[in-house]
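Undergrad: Once you've had a glance at the structure underneath, I'll fire off some questions.
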Amino acid sequence: MIKYLFSLIVCLSCISFSHGQKNGQSSTIVVTSKKDKTKIFTHKNGKLLVNVTPKDVVDHKNKGFVRYSEFGALGDGETNDMDAIAATHAFANLHGLKVKADEGYTYYIGGNERTAIVETDTDFGTAAFIIDDTEVQNRTASIFLVSSSQQPFKLTGIASLKRNQEKIDISLPQPCLVTVTNSNVKHYIRYGLNQNNGSPQTDIFVVDKNGNVDMDAPIIWDFDKITEAMALPLDQTTLTISGGRFTTIANKEQSKYNYYSRNIAVRRSNVVVENLEHRVIGEGDQGAPYGGFINIRDCAYVTVKNTLLTGHKTYKTIGSAGKPVSMGSYDAVVNSALNVSFVNCSQTNDINDRTYWGILSSNYSKNLVYDNCTFSRFDAHKGVANATIRNSTLGHMGINAIGSGVLTIVNSTIRGNSLVNLRPDYGSTWQGDIIIRNCVFVPSDGRSSNPSLISGSYSGKHNFGYTCYMPKKIIIEDLHIDDSNHPEDYQGPAIIKDFNKEWTNDSYQETFPYVRNTKIVLKNVSTSSGNELRLSNNPFMFKDVEVYTK
């Protein structure tokens, strides 16, 4: 019977064998196998020492999995079980064993800093987890870190890259996720209330061992110079995280941009997260925002399915422009990741309740998919290359994106202010096509409005760090617009919003030109009001846009 000792000073020199966790955890968790007894100790310096007797090691291996209770978790909903949870995973990683939560247990996770490194399949089952964020030592420390068994390494010899380049002159041990950066160039120089000075030019893509780039997620920028290039070998097997009923007791910090990351962080390729539930309770009059309970970064081929998430309450603060702003707070975040899908997912709160922020944020990612999801929004901040929304319903924040490739929306209902909002704070740019088929658009969730299908804003006076584009082609087929609730002077929905009310004649001069060689194809578009589609409230700005009706 394993006994959990909360306080025991242990001399580290007595350890005969140890195994340190990867990813910066080697200084906090040590696993030993001595004949003494199976137990875990928390040293006064915070180090977690896990000893499992040789006999118990054999027993666990024969069984093929370990449970949290076997490492001292009480599961009573009151005792902090985080050390026992971390110890269980540390031992499982060392011996390649699965981890199973104890059915009927409620694990309380307090505010002490401890991360469980997950390198093996984990089944949370129907067990409950209470994550208490009211008093936290380190708000940026994840609860679970789904980690790769591979180690990243620097690439040398790559001097430059071209957009859509198919092959790189390198040799790799196996297919790798490659990230390149040019720190001399700034992109995504944000405009507006959250303005900033931009971020270094970066890209992420998959390369096989012979240097061939996976063209399903191509290189999207020209790099005149590479200041850093890193490669992470892709894990070849699929790791599955399943089940779990998670509840976060929300923090009560001042409403500032101090993002909380007490979450499940996925940093490994080829991962499936399924049948998970996450709820949020205890949100009060103030609070810091959240950076995604499921946080996916620096990886590829991740699927989240049959999962229930929760939108976070919207709090306001003072932005970088010195004016009040609403803070983005997310339950799902995807950054620098490829081929990420959300399948059969939904959220606990009303997708049209404007007191809750949109549920997802993404940056630097490619091939994002919503399939049969009911969420308050889809969003791509610092660009997405290729995105697909199908069989889904999106709520009050709709579809917000900038990027490149093809944005495909099929068999879906959109209840935002516009069908697609090209984010003005990043230049309302989409270098590629937008395809909309067999969809229903309910402007502003049925409130009275003068809707536009494609919204955005562009002054031509701000340098975003790149050339900005209207979509080259917009194809809209079998779309119904439910504009039955509209003002008295309503003239019908516009295809393109008035992006710049000052740009009404040839005297307006752009410092940073907006590429507008757009072709629009319409087929079987209907409205509840009976009004026809119009090009824009600013026909001059879009006078060169070609519109074809099939």
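Undergrad: For a Förster distance of 25 Å, can you work out the FRET efficiency between the beta-carbons of Ser171 and Asp224, rounded to the nearest 0.05?
TA: Efficiency for this residue pair is about 0.55.
Undergrad: Another question about this same structure. Could you give the length gained on full extension between Ser183 and Asn531, defined as 0.36 nm per residue of separation minus the Cα-Cα distance, in nm?
TA: This chain segment gains 120.2 nm when fully extended.
Undergrad: Please report, in debye to the nearest 20, how large the charge dipole of region 373-437 is about its Cα centre when each Lys and Arg carries +1 at its beta carbon and each Asp and Glu carries -1 there.
TA: The dipole magnitude comes to about 140 debye.
Undergrad: Let me ask something else. Just from its helices, what would the mean residue ellipticity at 222 nm be for the chain, if runs of 4 or more DSSP H residues each count -39500 (n - 2.57) and the sum is divided by every residue, rounded to the nearest 500 deg cm²/dmol?
TA: Calculated at 222 nm, the ellipticity per residue is -1500 deg cm²/dmol.
Undergrad: Measure nothing but the geometry: give the 0 to 90° angle between the long axis through the Cα atoms of 54-63 and the longest principal axis through the Cα atoms of the chain, rounded to 10°.
TA: Its long axis makes an angle of about 50 degrees.
Undergrad: Counting other C-beta atoms within 10 Å, and keeping those with at most 13, which DSSP coil GluC sites (Glu not before Pro) do you find in region 448-550?
TA: Taking region 448-550 and a limit of 13 other Cβ atoms within 10 Å, the loop GluC sites (Glu not before Pro) found are Glu488, Glu502, Glu510, Glu532.
Undergrad: Here's a follow-up. Put a dot 7 Å past each Cα toward the Cβ at Ser448 and Gln286; how far apart are the dots in nm?
TA: Simple spin-label model gives 3.8 nm for this pair.
Undergrad: Further, regarding this structure: Take the cross-link list Lys154/Lys366; Lys37/Lys61; Lys472/Lys497; Lys472/Lys543 and give me the ones stretching past 19 Å between alpha-carbons.
TA: In this structure, Lys154/Lys366 lie more than 19 Å apart at Cα.
Undergrad: Which value, in debye to the nearest 20, gives the size of the charge dipole of the chain about its Cα centre, when Lys and Arg are +1 and Asp and Glu are -1 at the Cβ?
TA: Around 1060 debye, computed over the chain.
Undergrad: Right, another one. For Thr140 and Asn197 in one chain, what is 0.36 nm times their gap in residues minus the Cα-Cα distance, to one decimal in nm?
TA: Here the answer is 18.2 nm.
Undergrad: I need the calculated FRET efficiency for the pair Asp36 and Glu78, taking r as the beta carbon distance and R₀ as 35 Å, to the nearest 0.05.
TA: Computed FRET efficiency for Asp36 and Glu78: 0.75.
Undergrad: Please work out the Cα convex hull volume for the chain and give it in Å³ per residue.
TA: Output value, Cα hull per residue: 162 Å³.
Undergrad: Could I ask something else about it? Run the dipole for region 299-408 about the Cα centre, Lys and Arg Cβ at +1, Asp and Glu Cβ at -1, nothing else charged, and hand back the magnitude in debye, nearest 20.
TA: Roughly 220 debye for region 299-408.
Undergrad: Need the full-extension length gain, Glu274 to Ala321, defined as separation in residues times 0.36 nm minus the C-alpha distance. One decimal, nm.
TA: Taking Glu274 through Ala321 to full extension adds about 12.9 nm, to one decimal.
Undergrad: Using label points projected 7 Å from each Cα along Cα→Cβ, tell me how many nm separate Phe512 and Thr374, to one decimal.
TA: Using points 7 Å along Cα→Cβ, the separation is 4.0 nm.
Undergrad: Give a quick list of trypsin sites (Lys or Arg not before Pro) in region 372-433 that DSSP marks as loop, anything other than H, G, I, E or B, with at most 14 other Cβ atoms within 10 Å.
TA: none
Read-outs throughout are calculated quantities, based only on the coordinates presented, and are distinct from any laboratory measurement. Remember, it's a predicted structure, so these values are computed and weren't measured experimentally. When we count neighbours, we look across all protein chains shown, and the Cβ atoms used for this are built from the backbone with ideal geometry, even at glycine.
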